[in-house]
Number of protein chains: 2
Amino acid sequence: MRIALLGGTGDIGEGLALRWAFHTNHDVIIGSRDPEKARQKAEEYETELDSRGVDRKINGFENPMAADRADVVVLSVPPYHVADTVDAVADKLDEGDVLVTPAAGIKRDDDGFHYHPPSAGSVTQLVADAAPDDVAVVGAFHNLAAGRLADLDAELGIDTLLVADDPDAKETVRMLAEGIDGLRALDAGGIANASEIEAVTPLLINVATNNDGMHDLGVRFQ
Amino acid sequence: MRIALLGGTGDIGEGLALRWAFHTNHDVIIGSRDPEKARQKAEEYETELDSRGVDRKINGFENPMAADRADVVVLSVPPYHVADTVDAVADKLDEGDVLVTPAAGIKRDDDGFHYHPPSAGSVTQLVADAAPDDVAVVGAFHNLAAGRLADLDAELGIDTLLVADDPDAKETVRMLAEGIDGLRALDAGGIANASEIEAVTPLLINVATNNDGMHDLGVRFQ
């Protein structure tokens, strides 16, 4: 499968790119608004993998060109760029492509981090509203600490929750998620259930902030 | 320490009562709006403990009388009864008593379970607003499956998150929580951070509903 990580130069994109390139045989494509930055980061990821004895070709392109080449497109951009990014690539998405959204709306104040959803109710719903009708949307990878994901020495042993209204698309992303060692994918229902998942992201930061020795937290349902 | 479980005849109250009576030496008091029901349930809990070789006296009273006798008062009532319950016992609470709230606002629709906070922002904040000024409020025990808690054969291995604006009260509840075998208490900051914790409760139900073999779920931060 060919996976494009739009905003794949950012921290969550880097983590997913490295993990998929390291643990699976899927083609990984890095997208960015700046194609030169995409190429440069793709090369850095290749170097990192090479240092671990893994010879993988990772290409970098401007976001629309990356999306055009992929079966699964991951919107690894900040939540306030999600809608613009979907618009920028919409006419490159083919029927049957899957759009994956890992972003969560968060705001910080003096007390800590809080869930701050867009008016659509969740970032996942925002993506579903913005996506072309024939492209399925899956919410996934919300509650992963980017630094831990990008550190290939770090064991995961955590869960990611999936929401989607299209069962086939959800199954595709479940398979991609479980290809990553130590990551278990669980079904959390339809996109209407996304906000409670996105709200876990600020919670993880609050827990890490308030407990000595805890950082880069993930969550396990048991 | 003397712990009163108001609404201690309900499912989360039963679980906490049994666990504290089984694993610790704290005095456990059952409160209910109906004192006869409180006494009857307290007796049932004694019988359950006795069948496991634990001889404990558990008393049952009407809620205000239960609160009057306790240092720590747990509002194990449904979220829509929380404010009335605080009002009913407010003049029985002494300075230094700790009020603990485990309730989360949840609504169900065709898609699944959703977080449905009161206008105060969270049930925990609602309790803080309703509580007398000299009584500290701690949010805790939100994300525990009642059935698993009440089954003393069930291992926990899960976390509970604490929020409070009073560090001493938070420490008291942390100590009570960690007295329960297999339960780890983590600090999630102040009461302003409660809503993201309460939102995990409907999420746990959605995950249990959508994945074969998963039920009575808890959460572990790792």
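Of note:
- Relative contact order for the stretch B:7-63, counting Cα pairs under 8 Å that sit 6 or more residues apart, in percent: 39
- Listed pairs B:LYS37/B:LYS57; A:LYS92/A:LYS170; B:LYS57/B:LYS92; B:LYS92/B:LYS170; A:LYS37/A:LYS57; A:LYS37/A:LYS170 exceeding 27 Å between Cα atoms: A:LYS37/A:LYS170
- Volume per residue of the convex hull around the Cα atoms, evaluated for the stretch A:38-94, comes out as 89 Å³.
- Nonlocal amide H pairs with A:ASN143, under 5 Å, H built at 1.01 Å: A:LEU161
- Remark: the stretch B:135-142, residue by residue, has Karplus-estimated 3J(HN,Hα) of 10, 7, 10, 10, x, 6, 6, 6 Hz, where x stands for each Gly or Pro and the curve is 6.51 cos²θ - 1.76 cosθ + 1.60 at θ = phi - 60°.
- Placing unit charges on the Cβ atoms only, positive for Lys and Arg and negative for Asp and Glu, gives the stretch A:2-210 a dipole magnitude near 380 debye about its Cα centre.
- Within the listed set B:ASP84, B:ASP111, B:ASP165, the Gaussian network model of chain B (springs between alpha-carbon atoms below 10 Å) gives the highest mean-square fluctuation for B:ASP111.
- Cα→Cβ-extended label distance, 7 Å offset, between B:TYR80 and A:SER119, nm: 3.1
- With q set to 0.11, 0.25 Å⁻¹, the log10 of I(q)/I(0) for the stretch B:1-79, from the Debye formula over equal scatterers at the Cα positions, is -0.21, -1.12.
- For the stretch B:2-210, the convex hull spanned by the alpha carbon atoms encloses 110 Å³ per residue.
- When the Gaussian network model of chain B links Cα atoms closer than 10 Å, the mean-square fluctuations of B:ALA130, B:ALA208, B:ALA177 top out at B:ALA208.
- Chain A: relative contact order as a whole-number percent, Cα under 8 Å and 6+ apart: 19
- Counting from the shortest, the label point at A:MET214, 7 Å from Cα toward Cβ, is 2.0 nm from the same position in each remaining copy.
- Ascending count of other beta-carbon atoms within 10 Å, so fewest first, for A:HIS142, A:HIS26: A:HIS26, A:HIS142
- Straight Cα distances below 21 angstrom link A:LYS107 to none of the lysines, with same-chain residues fewer than 8 positions distant left out.
- When the P(r) is computed for the protein assembly as shown, the part past 32 Å accounts for 41% of the Cα-Cα pairs.
- Counting other Cβ atoms within 10 Å as a rough exposure proxy, the listed residues B:GLU62, A:GLU44 run A:GLU44, B:GLU62 from fewest neighbours to most.
- Summed side-chain charge close to B:LYS107 - residues other than B:LYS107 whose Cβ falls under 15 Å, Lys, Arg +1, Asp, Glu -1: -4
- Efficiency of FRET between A:ASP212 and B:ASP34 - r from beta-carbon atoms, R0 41 angstrom, step 0.05: 0.40
A short reminder: the numbers here are calculations on the coordinates, not readings from a lab. Note that the structure is predicted; figures quoted are calculated from it, not measured. All Cβ positions, even for glycine, are placed from backbone atoms using ideal geometry, and neighbour counts span all protein chains on display.
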